């Protein structure tokens with residue numbers, strides 16, 4: 001079962017400014033995977049942004065050598081089968 | 001030669017000290033996590049500015065704890081001791097340090113007000129970009 005995935009405009013604008021295009025493509029692939037298998041990724045609440053059920057999940061970001069780890073803050077709406085991505089951060093190892 | 005009790009128990013002592021350190025750190029993490037969860041449940045009615053300020057406050061608390069967790073993790077690795085109990089705390093606290101509370105709140109407003117972009121739209125926009 002796949003879920004529709006939306007990126008908030010604030011996140012998209014941020015990504016466009018700070019990430020090279022190839023990294024953006026890899027990131028979209030990873031987020032798409034999240035939409036296809038939300039149950040695999042959402043294993044427990046992450047509390048900082050738990051408001052309105054937002055959750056975060058660190059994801060290994062191996063496709064682009066320059067980046068090591070990805071954190072996606074998202075809200076999972078099972079009724080509407082939609083995942084809203086609120087924030088994305090990438091850290092070096 | 002007969003070894004003294006203190007000599008023979010030295011490695012165990014180091015392990016016991018380390019295990020207690022891990023226990024304290026995981027307990028502090030769970031306590032902080034519980035406080036944050038409680039705040040998150042009550043936060044919705046507060047203005048954005050309050051939410052950002054409280055989030056930053058929690059980030060400051062968690063920065064201190066993250067530094068200690070990361071140090072213990074390193075010490076465990078170099079000393080050959082098991083620090084796996086710290087992994088959840090390490091992952092979560094690390095993620096917390098990376099959040100930008102203002103952008104998360106701006107993004108929540110985006111979603112509420114319909115300013116969203118689908119993955120398909122995002123891909124189309126990327127394909128139109130010069131490499």
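Counting each DSSP H run of 4 or more residues in chain B as -39500 (n - 2.57), what helix-only mean residue ellipticity at 222 nm follows after dividing by all residues, to the nearest 500 deg cm²/dmol?
On the way: 6 runs with 102 residues, N = 131.
Computed ellipticity for chain B at 222 nm equals -26000 deg cm²/dmol.
The alpha carbon centroids of the range B:48-125 and the range A:1-29 are separated by 18 Å.
For the range B:11-100, the relative contact order comes to 39 percent (Cα pairs under 8 Å, sequence separation of at least 6). Using a Gaussian network model of chain B in which every pair of alpha carbons under 10 angstrom is joined by a spring, one finds that among B:84, B:13, B:62 the greatest mean-square fluctuation is at B:13. Rounded to the nearest 10 degrees, the angle from helix B:87-98 to the longest Cα principal axis of chain B is 40 degrees. Look at the stretch A:6-19: the mean tally of other chain Cβ atoms within 10 Å of its residues' Cβ atoms is 6.
With a 10 Å cut-off around each Cβ of B:119-129, the average count of Cβ atoms from other chains is 5.
Springs between alpha-carbon pairs under 10 angstrom, Gaussian network model over chain B: which of B:109, B:21, B:68 fluctuates most? Result for chain B, Cα springs under 10 Å: B:109 fluctuates most.
Ranking B:24, B:54, A:88 by Cβ neighbours within 10 Å, fewest first, what do you get? Don't jump to the answer; show the numbers that get you there.
Working: B:24 12, B:54 17, A:88 27.
The fewest-first ordering by Cβ neighbours comes to B:24, B:54, A:88.
In chain B, the longest principal axis of the Cα atoms and the axis of helix B:48-79 are about 30 degrees apart.
Please order A:14, B:92 by the number of other Cβ within 10 Å, starting at the fewest.
Numbers: A:14 19, B:92 25.
Arranged by neighbour count, lowest to highest, A:14, B:92 become A:14, B:92.
To the nearest ten degrees, helix B:10-42 and the longest principal axis of the Cα atoms of chain B are 20 degrees apart.
As a footprinting exposure proxy, order A:33, B:73 by other Cβ within 10 Å, with the fewest listed first. All intermediate terms of the calculation are to be shown ahead of the outcome.
Values: A:33 14, B:73 18.
Ranking A:33, B:73 by Cβ neighbours within 10 Å, fewest first, gives A:33, B:73.
Coordinate-derived values only; no laboratory data. In this text the structure is predicted, and so the values were computed from the model without any measurement. Heads up, the Cβs are rebuilt from the backbone with ideal geometry, glycines too, and the neighbour counts pull from every protein chain shown.
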